[in-house]
1. Restricting attention to region 193-227, which residues are touching a residue at least 12 places away in the same chain (Cβ under 8 Å), farther than 26 Å from Glu287 by Cβ and part of a helix (DSSP H, G or I)?
2. May I ask you to say which residue of Ser119, Ser73, Ser161 is of a type in the set (S, T, N, Q), in contact with a helix residue (DSSP H, G or I) (Cβ under 7 Å, 6 or more places away or on another chain) and over 26 Å from Pro4 (Cβ atoms)?
3. Restricting the search to region 264-306, which residues are in contact with an Asp or Glu (Cβ under 6 Å, 6 or more places away or on another chain), part of a loop (DSSP other than H, G, I, E, B) and buried (at least 19 other Cβ atoms within 10 Å of the Cβ)?
4. Quick one: Glu106 ticks every box in (1) free of Cβ contacts under 8 Å to residues at least 24 places away in the same chain; (2) part of a loop (DSSP other than H, G, I, E, B) bar one, so which box is it?
5. Consider region 205-225. How many of its residues are surrounded by fewer than 15 Cβ atoms within 10 Å (Cβ to Cβ) and more than 27 Å from Gln71 (Cα to Cα)?
6. Just for helices (runs of 4 or more DSSP H) wholly inside region 307-371: which have at least 2 residues that are surrounded by fewer than 15 Cβ atoms within 10 Å (Cβ to Cβ), without any contact (Cβ under 8 Å) to a residue 24 or more places away in the chain and not assigned by TED's automatic domain parsing to the domain that holds His116?
7. Please pick out the residue among Asp251, Asp226, Asp199 that is modelled with pLDDT under 95 and assigned by TED's automatic domain parsing to the domain that holds Gln285.
8. Among the residues of region 304-317, is any more than 15 Å from Glu106 (Cβ to Cβ) and modelled with pLDDT of 95 or more?
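The values are calculated or read from the model by the stated rules, or taken from the named source; none is laboratory data. Just so it is clear, the model here is predicted, and its values are computed rather than measured. In this analysis, Cβ positions are derived from the backbone assuming ideal geometry, glycine residues included, and neighbour counts consider all displayed protein chains.
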Amino acid sequence: MLAPYAVHVEHSRGRRFPEPSHPYRNDFQRDRDRVIHARAFRRLEAKTQVFTRRYSDHFRNRLTHTLEVTQISRTIAGALQLNADLAEALALVHDIGHPPFGHAGEKALDAAMQEHGLSFDHNLHALRIVEDFERRYAAFRGLNLTFEVREGIIKHSHDYSSAEHPELSEYLLDQNPPLEAQLIDLTDEIAYDTADLDDAYEAHLLALDEIREGVPLFERFYPEVDELYPDAAEKLKFNEALKRMLNLFVDDLITNTRARVQEAGISSLGDVRQHPRRLAAFSSQVEIERKQTKKFLYENVYFSAALAEEKDDAERVVSELFQFWMDHPETLPHNYQEKARQEGLPRTICDYIAGMTDPFIFEQYGKHVAG
């Protein structure tokens, strides 16, 4: 039973190119499957999340992070009586537009585009991937996803204006996205706030005492775990405290979002769209604790001295390879040379680099620049 304000698949605004119904999968389930079978989705396996394989081969990559976000999203959507199939599809596709090297790669790619009066935005790039770049069907370009999934790709974490992006005007930019899409940015935060603590601890970048001192929410649970399992290994105690931290985020998001929906008198999807603000949110106390956790990660992990050299290397590889192809477009693959004649050289190079995995961009850098 779905809530009246959930997205009901039978009321979907449909696909850009109409297709017959499937005998045993609804349209959002088909979208989920199309994303999973896309080349861009497979490439996430070889794109950095935070830690490269220099540390270990069992840390999260962009694909495993996506799967964790998907699991959390389905759980929360189900608890709120939202459309779990739509939430799953949105979670699976939410990072499909990320370039190699994580946020360092995105920063460098955007900087390179800014020099030509353009920009790079991974959400907008994701929309172009599913609308145009993926070629799996004879009847149409792209994946022909439903309106609701395409809308969620661009609106799950950012509000765009029609004035700045008239090309997105069909996506109801003056309205909120459905709750299923609103959840994704928050479940993304839950996933990486906890997973990045885990990977940083495993990488010996953070010690247990540092985490206990710097993350109040973690410290709230650790003494309880230590008392309950006094003889357990430190890593297992860490796991137990982190699990409780994740559970609190999830429980709070469910409870607070449900309360906000009830308080606002929401009784339809139209009410969700027209409400003055997004309704999916943590409580004020947990939001403070989430921000504390994120601040700790930025100061001690993302911008740590231990990762600085790799980030610098990533930015240098992206920027120098971009400039090489600006100077030598004849060395681009033939299909990209043709694309450049239609869409311009900077955007074409940007699209090419954004689609690369970490190993492939290193290979191209070695071939064209370092070699």
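1. Across region 193-227, the qualifying residue is only Glu202.
2. On the way: Ser73 fails: over 26 Å from Pro4 (Cβ atoms); Ser161 fails: in contact with a helix residue (DSSP H, G or I) (Cβ under 7 Å, 6 or more places away or on another chain).
Of Ser119, Ser73, Ser161, the one residue that is of a type in the set (S, T, N, Q), in contact with a helix residue (DSSP H, G or I) (Cβ under 7 Å, 6 or more places away or on another chain) and over 26 Å from Pro4 (Cβ atoms) is Ser119.
3. Answer for region 264-306, where residues must be in contact with an Asp or Glu (Cβ under 6 Å, 6 or more places away or on another chain), part of a loop (DSSP other than H, G, I, E, B) and buried (at least 19 other Cβ atoms within 10 Å of the Cβ): just Phe282.
4. Unmet for Glu106, out of (1) free of Cβ contacts under 8 Å to residues at least 24 places away in the same chain; (2) part of a loop (DSSP other than H, G, I, E, B): (2).
5. Of the residues in that region, 5 qualify.
6. Numbers: elements: 334-343, 345-354, 358-365.
Here the list reads 334-343.
7. Working: Asp251 fails: modelled with pLDDT under 95; Asp226 fails: modelled with pLDDT under 95.
Of the residues listed, the single one that is modelled with pLDDT under 95 and assigned by TED's automatic domain parsing to the domain that holds Gln285 is Asp199.
8. There is no residue in region 304-317 that is more than 15 Å from Glu106 (Cβ to Cβ) and modelled with pLDDT of 95 or more.
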